[in-house]
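Down below is the structure, laid out as structure tokens.
The values are calculated or read from the model by the stated rules, or taken from the named source; none is laboratory data. Because the structure is a prediction, the values reported are computed rather than measured. As a convention, Cβ positions derive from the backbone with ideal geometry for all residues, glycine included, and neighbour counts pool all protein chains shown. Accessible surface areas use protein heavy atoms only, side chains included; no ligands, DNA or RNA. Shrake-Rupley method; radii C 1.70, N 1.55, O 1.52, S 1.80 Å.
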Amino acid sequence: MIQRIVFRLKNSQLFKDSFWAVFGNGLGNFLLLMAGILIARLLGKDVYGEYGMVKTTMFHMAAFSTFGLSYTTTKFIAEFKSKDSSRLRSITEASLTLSFVCSLVLSVLIFFFADDLAQFINAPQLKPAFRFLSVITILRAISMTGAGLLAGYKSFKELGMNNIISGLVMVIAAVPLTYFYGLFGSLSALALSQLVFALLNLYQIRIQLKSLALQTKESFYRRLLTFSFPVAIQELSYTVSMWGSNLLIVKYASAGELGLYTASAQWYSIVLFLPSLLQNVVLSYLSSLVGNQTSHHYMLRRMLLINFVCALIPFLLVMACSSMIVSFYGSTFEGMQSVLVILIFATIPTTLSNVYVANFLAESRNWMLSILRVSRDIILLISLFLALTYTKGNYAALNCAIIHVGTAIFFLLALILSYMNKRKNIN
């Protein structure tokens, strides 16, 4: 019995792809977490809060600057690979060009409005950091689009190895650069790791393009942008809500409270990152099964189970080790444990939501997904604003964690109801 299961797993392409998505990318992001802990100890709670503000802004700005192409490319590559591979080169080239142009425009805006941004959050000392951020945004956007393309090609092993190498670069560079140059040193290490990740992804994409047979030259710019527009709205909404949450904590509480929340959010990301990386696997496989309702629904249920298990195991480990985890950060992070314990509860509904999100994208239900995600983000921001003003900024990190859990549950229920209603109408 066990031998039969092992044999089936070893010969399952889905298992192999999922393994590399989980192991390779998981290890890469574990290394990023280790680098984050080291940076936190060297910078202290307050300066680490500033680092968290800049880093979070970069990640969310980069996600928006890709105009949703990190998901769109996965869907298009996976779908055309199974039905018309002669268009793959055109899709790849259009995706990378659009990603570079969009991120370049946004980075220029960040550079010129860095002073206004720093003044707005009452942190004028961050003006040079935000200008440096404009460069990292381009690197992050290209690496994200490259990762989406590789997921579409089902090059999950190569993508996983690229993540590991990028994480190693971050760990090796973070300590000396942060020790000697403080905040700018930690941001330089982040930029270096993103540069390596982007270059490695582009190299693997080049290998994929070389292996393609005769290609048909076709412009995919309009089709990609049309599909990506509602996805970009979702990314913008998410960017505004996450960055807005950080802004509210800084303005109504302190950078120290943001430091507590940022440190806890790192562990939230680690618990969630394995199933989040599987989202590309889900999207790739579901996109290739569009039109086959039986296989499509079966794959969806399998992915829900796989994602749940991948989140549950690290969730339980972090819960059990929360006290020890907090001790790693030093004495300035007092009060972090309660924030951490509550926040990681949001990983369970979020990991299940990721599967439904991938399914909505595979079925081209972009606008319905946009409505649900924007509604969630608006509720999050309004709830946090009311909580912070009512408590006068006290326990800001804890309040943000509680609200994050509530909105995650709301979003999952909304996705399930919408999916069940669609299936009911089809049947």
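Quick notes on this structure:
- Among the residues examined, Arg131 qualifies as open to solvent by 60 Å² or more (accessible area, probe 1.4 Å), in a helix (DSSP H, G or I) and either modelled with pLDDT under 85 or touching a strand residue (DSSP E or B) at 6+ places or on another chain (Cβ under 8 Å) (or both).
- Condition met for Tyr285 (open to solvent by 20 Å² or more (accessible area, probe 1.4 Å) and either among the small types (Gly, Ala, Ser) or modelled with pLDDT under 80 (or both)): yes
- Residue match in segment 155-162 (condition: hydroxyl-bearing (Ser, Thr, Tyr) and assigned to a helix (DSSP H, G or I)): no
- Hey, Ser107 in contact with a Phe, Trp or Tyr (Cβ under 9 Å, 6 or more places away or on another chain), in a helix (DSSP H, G or I), more than 21 Å from Gly49 (Cα to Cα) and among the hydroxyl-bearing types (Ser, Thr, Tyr) or not: no
- Ala414 small (Gly, Ala, Ser), part of a helix (DSSP H, G or I) and under 19 Å from Trp267 (Cβ atoms): no
- Failed item, numbered, when Leu139 is tested on (1) of a type in the set (A, V, I, L, M, F, W, C); (2) more than 17 Å from Leu195 (Cα to Cα); (3) open to solvent by 10 Å² or more (accessible area, probe 1.4 Å): (2)
- Among the residues of segment 386-405, those identified as open to solvent by 40 Å² or more (accessible area, probe 1.4 Å) and at pLDDT 90 or above are Leu386, Ile402.
- For segment 31-59, a residue qualifies if it is modelled with pLDDT under 75 and open to solvent by 10 Å² or more (accessible area, probe 1.4 Å), and the qualifying residues are Leu32, Lys45, Asp46, Glu50, Lys55, Thr56, Phe59.
- The residues on offer are Phe180, Phe220, and the sole one that is more than 19 Å from the chain's Cα centre (by Cα), at pLDDT below 90, open to solvent by less than 20 Å² (accessible area, probe 1.4 Å) and not polar (S, T, N, Q) is Phe220.
- Hits in segment 324-365 - residues which are more than 25 Å from Phe308 (Cβ to Cβ), open to solvent by less than 30 Å² (accessible area, probe 1.4 Å) and part of a helix (DSSP H, G or I): Val326, Phe333, Met336
- Meets criteria (part of a helix (DSSP H, G or I), among the β-branched types (Val, Ile, Thr) and out of contact with any Pro (no Cβ under 8 Å at 6 or more places or on another chain)) for Val282: yes
Yes or no, residue by residue, for (1) small (Gly, Ala, Ser); (2) open to solvent by less than 50 Å² (accessible area, probe 1.4 Å); (3) closer than 19 Å to Gln204 by Cα:
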residue: Leu96; (1), (2), (3): no, yes, yes
residue: Leu109; (1), (2), (3): no, no, no
residue: Asp115; (1), (2), (3): no, no, no
residue: Leu149; (1), (2), (3): no, yes, yes
residue: Lys157; (1), (2), (3): no, no, yes
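- Considering residues of segment 60-87 that are hydrophobic (A, V, I, L, M, F, W, C) and within 17 Å of Thr239 (Cα to Cα) only, the residue modelled with the highest pLDDT: Leu69
- Looking only at residues in segment 188-237 that are in contact with a helix residue (DSSP H, G or I) (Cβ under 9 Å, 6 or more places away or on another chain), β-branched (Val, Ile, Thr) and part of a helix (DSSP H, G or I), the one that is nearest to Glu93 (Cα to Cα) is Ile205.
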